[in-house]
Amino acid sequence: MSWLVLLVRLPAEPSRHRVAVWRELRRVGALSVGQGVWAVPQVEVFTQALERAVALVERGDGEAIVLQATGRTDADAGRLEALFTAAREAEWAEFLADCAKYQAELDKEIRTRKFTLAELEEEEQSLERLRRWHRDLRARDLFGAPSAPAAEQRLKHCAERLEDYTDRVFQALHQA
């Protein structure tokens with residue numbers, strides 16, 4: 001696997017430029033390997049993200065250098081892959097926690113019998129946000145983090161729970 005390494009140097013002020021670059025790199029799953037040093041696998045989804053980050057650096061009157069790299073040894077390559085996968089695993093854990101919150105929210109609405117179209121629309125939007133997040137995580141999880149299959153199952157379960165809630169909303173509306 002070939003990697004792209006981004007070296008960033010930005011003026012301390014205004015800080016909004018550093019924050020914008022940091023947010024862009026975090027959003028796409030770049031691996032922070034040191035102060036102002038980020039690494040991503042050399043695949044299109046990450047290449048485009050680095051181009052956006054470089055543009056943000058340049059807008060902030062900073063310097064960006066992009067290097068192509070591989071592990072010097074198989075152990076080095078494996079360590080970088082493991083660090084990248086650990087970062088994806090942390091993202092999957094956060095995703096799973098949000099799925100649990102979503103399911104708890106549905107449980108609460110059912111328990112309190114809050115069967116309104118407005119609430120249904122809100123829950124549909126929340127599920128769609130989870131679907132987008134899952135799609136984005138799956139796209140950047142190149143090495144298959146251990147929690148990815150569980151996350152896919154949990155998302156399917158969330159969709160099934162929403163179907164059940166939808167049925168309850170329409171039953172309640174027709175009884176009213």
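The values are calculated or read from the model by the stated rules, or taken from the named source; none is laboratory data. Because the structure is a prediction, the values reported are computed rather than measured. Cβ atoms come from the backbone with ideal geometry, glycine included; neighbour counts cover every protein chain shown. Accessible surface areas use protein heavy atoms only, side chains included; no ligands, DNA or RNA. Shrake-Rupley method; radii C 1.70, N 1.55, O 1.52, S 1.80 Å.
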Being open to solvent by 30 Å² or more (accessible area, probe 1.4 Å), over 22 Å from the mean Cα position of the chain (by Cα) and more than 21 Å from Gln153 (Cβ to Cβ), is that true of even one residue in the stretch 120-129? yes
Considering only the stretch 144-164, state which residues are open to solvent by 20 Å² or more (accessible area, probe 1.4 Å) and not in a helix (DSSP H, G or I). Gly144, Pro146, Ser147
Here are some residues: Ala100, Ala93, Ala159. Which one is within 23 Å of the chain's Cα centre (by Cα) and under 30 Å from Val33 (Cβ atoms)? Ala93
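Please go through the stretch 116-143 and give me each residue that is assigned to a loop (DSSP other than H, G, I, E, B), aliphatic (A, V, I, L, M) and over 22 Å from Arg88 (Cα atoms), ordered by number. Quick ask: steps written out before the conclusion?
Just the residues of the stretch 116-143 that are assigned to a loop (DSSP other than H, G, I, E, B), to begin with: 116, 141-143.
Next cut, aliphatic (A, V, I, L, M) only: 142.
None; the set is empty.
How many residues does the stretch 55-73 contain that are charged (D, E, K, R) and either surrounded by 11 or more Cβ atoms within 10 Å (Cβ to Cβ) or part of a helix (DSSP H, G or I) (or both)?
Filtering the stretch 55-73 for residues charged (D, E, K, R) gives 58-59, 61, 63, 72.
In the following step, the residues that additionally are either surrounded by 11 or more Cβ atoms within 10 Å (Cβ to Cβ) or part of a helix (DSSP H, G or I) (or both) were identified as 58-59, 63.
Here the count works out to 3.
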Search the stretch 35-61 for residues that are closer than 16 Å to Thr85 by Cβ and pair each with any residue that is surrounded by 13 or more Cβ atoms within 10 Å (Cβ to Cβ) and among the acidic types (Asp, Glu) when their beta-carbon atoms are under 9 Å apart and the residues are at least 6 apart or on different chains. Pro41/Glu81
Can you work out which of the residues in the stretch 2-33 that are open to solvent by less than 40 Å² (accessible area, probe 1.4 Å) and assigned to a strand (DSSP E or B) is nearest to His134 (Cα to Cα)? Leu31
Could you tell me which of the residues Thr85, Thr47 is open to solvent by less than 40 Å² (accessible area, probe 1.4 Å), under 20 Å from Ala139 (Cα atoms) and either touching a Pro at 6+ places or on another chain (Cβ under 6 Å) or of a type in the set (S, T, N, Q) (or both)? Thr85
